[in-house]
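Structure first, commentary second.
The values are calculated or read from the model by the stated rules, or taken from the named source; none is laboratory data. Just so you know, these numbers come straight off a predicted model, no measurement behind them. Note that each Cβ is placed from the backbone with ideal geometry, even for glycine, and that neighbours are counted across all protein chains shown. The accessibility values were calculated without ligands, DNA or RNA, using every heavy atom of the protein model including side chains. Shrake-Rupley method; radii C 1.70, N 1.55, O 1.52, S 1.80 Å.
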Amino acid sequence: MAVRVTHDDFDAGREIAALRGGDTRVGAVASFIGTVRDVNESAVVSAMTLEHYPGMTEKALAQIVAQARERFDILDALVIHRVGELKPADQIVLVAVTSGHRGDAFDACRFIMDYLKTRAPFWKKEAIPSGARWVDARTSDDEAAARWNPKG
């Protein structure tokens, strides 16, 4: 299980191949790549700056991956999250999961991403024509994460 927070871009194909590592137990790989959109809430976005709390962010991501490992029958997982200034179409995040079966891989990948959006300490600031604005948490992200813990 690996977690990286970096300014550098990543090669998803290379990262996923390394995650698989020739492990013959792997029957499924599920992945998600998040990218910067050029429009958010009806405003043109020319750049997004992602900030984090070094050390705390990596620890939070590692805890999310550990929770996924407890909930789902997965073999390995990888989270790479970029920080710094990014432009539209730039990659922000890669979540990849290996498992013996697709259901666990899909569920674990979605779980990690849902929890990352709501529980990892990242802050986003968008550059828009009127200046800069901080991106608020979305109710839809909270609702997505809540589905994994329906009792609260």
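Each residue of segment 112-128 is assigned a 3J(HN,Hα), and the resulting list reads 4, 5, 4, 6, 4, 5, 10, 10, 8, x, 10, 10, 10, 10, 9, 8, 10 Hz, derived from the Karplus form 6.51 cos²θ - 1.76 cosθ + 1.60 (θ = phi - 60°), x at Gly and Pro. Between amide H atoms placed 1.01 Å from N, distances below 5 Å from Arg4 occur with Val79, Ile80, His81, all of them 5 or more places distant or on a separate chain. Its Cα gyration tensor gives segment 69-116 an equivalent ellipsoid, and the semi-axes of that ellipsoid, as √(5λ) in whole Å with the largest first, are 25, 9, 9. Computed extension length for Tyr53-Glu70: 3.6 nm, one decimal, from 0.36 nm per residue of separation with the Cα-Cα distance subtracted.
Where in the chain is the longest stretch that carries no trypsin sites (Lys or Arg not before Pro) classed as loop by DSSP and with at most 16 other Cβ atoms within 10 Å? No qualifying site falls inside 38-137, the longest such stretch. Here, segment 72-152 is characterised by an Rg to Rh ratio of 1.04, where Rg is the alpha-carbon radius of gyration and Rh the Kirkwood radius.
As a size descriptor, the averaged projected area of the C-alpha convex hull of the chain was calculated at 9.1 nm².
Taken per residue, the accessible surface of segment 1-116 reaches 51 Å², heavy atoms only and a 1.4 Å probe. Simple spin-label estimate for Thr35 and Asp141 gives 2.0 nm between the two label positions (7 Å along the Cα-to-Cβ direction from each Cα). Rolling a 1.4 angstrom probe over the chain with all protein chains present gives an accessible area of which 48% lies on carbon and sulfur atoms.
With R₀ set to 41 Å, the beta-carbon distance separating Ser130 from Asp23 gives a calculated FRET efficiency near 0.25. For segment 19-152, lysine pairs with C-alpha atoms less than 17 angstrom apart, excluding pairs fewer than eight positions apart on the same chain, total 4. Less than 5 angstrom separates the built amide H of Gly27 from those of Ser99, Gly100, His101, all sequence-distant by 5 or more or on a different chain. Would you mind pulling out the separation of the Cα centroids of segment 4-38 and segment 75-126, in Å? Cα centroid to Cα centroid, the span is 9 Å.
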